[in-house]
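The values are calculated or read from the model by the stated rules, or taken from the named source; none is laboratory data. Predicted model only: the values in this text are computed from it and were never measured. Glycine also receives a Cβ, built like all others from the backbone with ideal geometry; neighbour counts cover every protein chain displayed. Calculation scope for accessible area: heavy atoms of the full protein, side chains included, ligands and nucleic acids excluded. Shrake-Rupley method; radii C 1.70, N 1.55, O 1.52, S 1.80 Å.
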Amino acid sequence: MEECIIKSPLGFTKIIGDVDGIASVTVLNSEEKITDIIPIELEDCVIQLHEYFEGSRKQFDLKLNPSGTDFQKKIWKLLEVIPYGKTTSYLDLSKQHGDVKAIRAVANANGKNPLWIIVPCHRVIGSDGSLTGYAGGLHRKKWLLEHESPYKQQSLF
C-alpha cells in the first residue's frame, strides 16, 4: 500500500491505497510532514480532494477499495448516493437499508467509514436535524456541510 499526507482546510489528511483503489482517507488531529512526492496510485485522489475543497468538484470519481464487513460496505454504498449539498438521517439510511430496527448498526457502520469525504458520512445527521457524532469532529462536519451548502452566509463585517 502506498500512502501520502496532504494539507487540507480541515487539517492534515492521510491517503492510503494502491492499484486496487483507495483504501483509506483520514483526517489527522496532529501536524504531520506533508508528502513531497505523491505516489502515482494516489494522484487522482489528491487532485480530486483539492478540487472538492476549492469548490469545483461535487462528486468523486475514484476506484475505492475499503476494508470492512459486507454490512459496512453496503451502508457505505448507500452513503455514496447522498447528493452533494443534501443530508439524510440515520433513520432514513436504515430505511434505505431495508431494516428500520438496524439504526444503531447503520450508525456504527457510518462511523467506521474509512473514506473521509469521499464516502460522505458527514451528510448523515440526526432525525431532528442535529449534527450528531462524527469521527472527524463535529467542527469538521459543520464545516463540510456549510462548504456544500447552496446557501452561503454573507459576512456582515
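So here's what we get for this one:
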{"quantity": "Residues that are aliphatic (A, V, I, L, M), surrounded by fewer than 17 Cβ atoms within 10 Å (Cβ to Cβ) and within 14 Å of Ile5 (Cβ to Cβ), drawn from the range 16-37", "calculated": "Val27, Leu28, Ile34, Ile37"}
{"quantity": "Some residue of the range 105-120 being closer than 27 Å to Tyr151 by Cβ, among the aliphatic types (A, V, I, L, M), open to solvent by less than 30 Å² (accessible area, probe 1.4 Å) and out of contact with any Ser or Thr (no Cβ under 9 Å at 6 or more places or on another chain)", "calculated": "yes"}
{"quantity": "Residue within the range 47-54 that is more than 16 Å from Arg123 (Cβ to Cβ), without any contact (Cβ under 8 Å) to a residue 24 or more places away in the chain, surrounded by 13 or more Cβ atoms within 10 Å (Cβ to Cβ) and among the acidic types (Asp, Glu) present", "calculated": "yes"}
{"quantity": "Complete set of residues in the range 110-130 that are of a type outside the set (D, E, K, R), in a loop (DSSP other than H, G, I, E, B) and within 13 Å of the chain's Cα centre (by Cα)", "calculated": "Asn113, Pro114, Trp116, Ile117, Ile118, Val119, Pro120"}
{"quantity": "Number of the exception - Asp92 against (1) in a helix (DSSP H, G or I); (2) at pLDDT 95 or above; (3) open to solvent by less than 80 Å² (accessible area, probe 1.4 Å)", "calculated": "(2)"}
{"quantity": "Some residue of the range 131-144 being open to solvent by less than 40 Å² (accessible area, probe 1.4 Å), outside any helix (DSSP H, G or I), closer than 24 Å to Glu3 by Cα and in contact with a His (Cβ under 7 Å, 6 or more places away or on another chain)", "calculated": "yes"}
